[in-house]
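Peer 1: Pasting a structure below so you can have a look.
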Amino acid sequence: MQPEYQTVGQIHERLLALIRSRRDTGFSDAVADEVLEPRNPFDATKRRPKLAVAVAASMALLFVAVFTYFSLHSGK
């Protein structure tokens, strides 16, 4: 039996198909794992944000609100 040789394009397509078939990999999953609490495979509830992310988002929102307030009321 002769071996089957494949081109680089064929190997690339097979690799992409393998990566796309896995739902546990990808950029969005990596970001979600860093921002949200660890997943529990036995629990289907939504994951909450990590404490540090919630505090940072609150501080950023507060900064934007204070900046907007003083920007609009500074001319008087």
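Peer 1: Taking H as built 1.01 Å from N, whose amide H comes closer than 5 Å to the amide H of Leu36, not counting residues under 5 places away?
Peer 2: Residues meeting the amide H criterion: Lys50.
Peer 1: So between Val64 and Arg20, what do we pick up on full extension, going 0.36 nm a residue minus the alpha carbon distance?
Peer 2: Extending this stretch completely gives an extra 12.0 nm.
Peer 1: Still on this structure, please answer the following. Binning every alpha carbon pair distance of the chain at 5 Å from zero, what are the percents per bin?
Peer 2: Per 5 Å bin, starting at 0, the Cα pair percentages come out as 3, 11, 10, 12, 10, 9, 9, 9, 8, 7, 4, 3, 2, 1, 1, 0, 0, 0.
Peer 1: Also, I was wondering about something else. Name the GluC sites (Glu not before Pro) in the chain that are in a loop by DSSP and that have at most 11 other C-beta atoms within 10 Å, would you?
Peer 2: Glu4
Peer 1: Mind checking the angle between helix 51-72 and the chain's longest principal axis? C-alpha axes, 0 to 90 degrees, to the nearest 10.
Peer 2: Taking the Cα atoms of the chain, the angle to 51-72 is about 50 degrees.
Peer 1: Next question. If one takes the longest principal axis of the Cα atoms in the chain, at what angle in degrees, from 0 to 90 and to the nearest 10, does the Cα axis of helix 8-21 lie?
Peer 2: 50 degrees
Peer 1: Springs between alpha-carbon atoms under 10 Å, Gaussian network over the chain: tell me which of Ala30, Ala65, Ala52 tops the mean-square fluctuations.
Peer 2: With Cα springs under 10 Å in the chain, the top fluctuation among Ala30, Ala65, Ala52 is at Ala65.
The numbers here are math on the coordinates, done by the rules we state, and not lab data. In this text, all values refer to a predicted model and were calculated from it rather than measured experimentally. Positions of Cβ are generated from backbone atoms using ideal geometry, with glycine treated the same way; all protein chains shown enter the neighbour counts.
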